[in-house]
Structure formats: structure tokens, C-alpha cells
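Novice: Could you have a look at this structure, given as C-alpha cells, before my questions?
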Amino acid sequence: MIDLYYWTTPNGHKITIFLEEVGLPYTIKTIRIGKGEQFAPDFLAISPNNRIPAIVDHDPGDPGEPISVFESGAILIYLAAKTGKYLPRDTRAWVEVLQWLMWQMAGLGPMAGQNHHFVQYAPERIPYAMDRYVKETARLYGVLNKRLADREFVAGDYSIADMACYPWVVPHTRQQQNLDDFPHLRRWFETIRARPAVVKAYEIGKAINENPTVDEAAKKVLFGQDASVVKP
């Protein structure tokens, strides 16, 4: 059994997508990040960066203690290795998947996240920051669109690279991006959106958090934290 520490963010959706794709049994442990539950000592013992998602695998396949994993990319790699699915063993194909997973972790996610912050949540509108991150998001969409011009999925076959990228494209309207400008990306997006496991993952998220808004109280919790939240 997998315990999934989860909230309805793009990074959270990555893991429910994978778990639904492979049919591994799991239990969702909700972490209401707008209420500060990510700073609880018990959660920090699992996820020292006080971010969701994180997992605890109570059946890691050896006689040792349960294994905990934080960071969505690391979780996807761990689960793919555990199940033997969506991460090929062939060296060349493996490299393709991992480099695009790292591209999402280092580029698409952080840049789109800053886009969300300055366009949607910042207490003051800063034109330079908004323009910088909207344009960088567009550049990254362009990279993905070009990549998808001659292949169905990001790394050839459907993989954890697709599961990582897709949730960060779901809020494309909020990111001020028009998928009509990226036809190959749009085709890929529609293909993944129709997968039964993806539909189920987002239904689970909606049942947990039907109206994923960030109010003023939540903003005070989510933004501007300093080292005091992780001190021993």
C-alpha cells in the first residue's frame, strides 16, 4: 500500500495519474497547503522541503522499513522502477524519458509556477515579472511543441515524462497561453486528457478540492515563508 501525501496542484496530479495508470493501491493523505499542514513536523519527517507530493511505500519489496520519497520527479522514477512501467530499461529510451522529466522539473514547472504567482497571486502587479514569466512559459511551450512535431509522446512511448508535463499545461489559460499557437502540443494534450487514468485522477482531485482558489489567508501561508518553518 502506498500512502500519498497530496494536494490538488500540478505536482500532486502527476502522482495520482501514475498510480491510476498502473492500478497500484494507494491511500490519499490530504495536506491542505493553504492551511499550512505542510509545515507539520510529521509531514516534514517525510518531505523535508515542506512540499507535496510525498509518498510512503509500506511494501517496498524487501524486509526493511517503509520507504518515503519526496519530490514529484523522484516519486515518478521510484514508482516506475517499482512497477516496471512507463520508464524503459533500454539505455537510449531511458535517457530520453529522464532528460524530459528533468526538463519539466527544472524548467516547465518552475517557470509556469512563477507565471502563476506573478499573474494570479502577487499582491502587486509587476509588469516586468509578469511579462518575463509569460514569455518564458511560451518559450517552453514552443520547445515542447517542436519536440512533439514528429512523435506521439514526449519521449516516444507514453511515459513518466508525459505524466510530469501534462498537469503543468492544464492551466494554460491562466498562464496566458493559447494552445492553438502550439498545434502539436494541443494534439498531445487532448490525447492525454482523454486517457481513463487521467480522467480518474482529476476526478479524485475535484472531489477533494472542488474550488481550488487561493484566498488571502492562504496566500499568507503559501508565500513569503522563511527558514523558520523548517528549523529543528
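Novice: Out of Arg193, Arg89, Arg132, Arg187, report the one residue that is touching a Phe, Trp or Tyr at 6+ places or on another chain (Cβ under 9 Å) and over 15 Å from Pro10 (Cβ atoms). Break it down stepwise before answering.
Specialist: Working: Arg193 fails: over 15 Å from Pro10 (Cβ atoms); Arg89 fails: touching a Phe, Trp or Tyr at 6+ places or on another chain (Cβ under 9 Å); Arg187 fails: touching a Phe, Trp or Tyr at 6+ places or on another chain (Cβ under 9 Å).
Within the list Arg193, Arg89, Arg132, Arg187, the selection yields Arg132.
Novice: Ok, one more. Residue by residue through the stretch 164-175, note down the ones that are under 16 Å from Pro110 (Cα atoms) and not charged (D, E, K, R).
Specialist: Across the stretch 164-175, the qualifying residues are Ala164, Cys165, Tyr166, Pro167, Trp168, Val169, Val170, Pro171, His172, Gln175.
Novice: Then there is this: Given the stretch 110-219, what helices (runs of 4 or more DSSP H) lie entirely inside it while holding 3 or more residues that are without any contact (Cβ under 8 Å) to a residue 60 or more places away in the chain and either of a type in the set (Val, Ile, Thr) or under 24 Å from Glu96 (Cβ atoms) (or both)?
Specialist: 127-147, 183-193
Novice: Filter the stretch 157-177 down to residues that are among the aliphatic types (A, V, I, L, M) and closer than 20 Å to Tyr133 by Cα and give me whichever is surrounded by the fewest Cβ atoms within 10 Å (Cβ to Cβ). Can you show your working first?
Specialist: So the first thing to find is which residues in the stretch 157-177 are among the aliphatic types (A, V, I, L, M), and the list is 160-161, 163-164, 169-170.
Then keep just the ones that are closer than 20 Å to Tyr133 by Cα; that gives 164, 169-170.
Numbers: Ala164: 29, Val169: 24, Val170: 16.
Going through the qualifying residues, I end up with Val170.
So that you can scan it fast, the table gives a plain yes or no per residue for (1) within 14 Å of the chain's Cα centre (by Cα); (2) among the polar types (S, T, N, Q); (3) under 25 Å from Pro212 (Cα atoms):
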| site | (1), (2), (3) |
| --- | --- |
| Gly34 | no, no, yes |
| Leu44 | no, no, yes |
| Asn49 | no, yes, yes |
| Pro53 | yes, no, yes |
| Ser68 | no, yes, no |
| Ala81 | no, no, no |
| Val97 | no, no, no |
| His117 | no, no, yes |
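Just so you know, all these numbers are worked out from the coordinates, no wet-lab data involved. Keep in mind that what you see is a predicted model, and the values were worked out from it rather than measured. For neighbour counting, all protein chains shown are included, and Cβ atoms are generated from backbone atoms with ideal geometry for every residue, glycine included.
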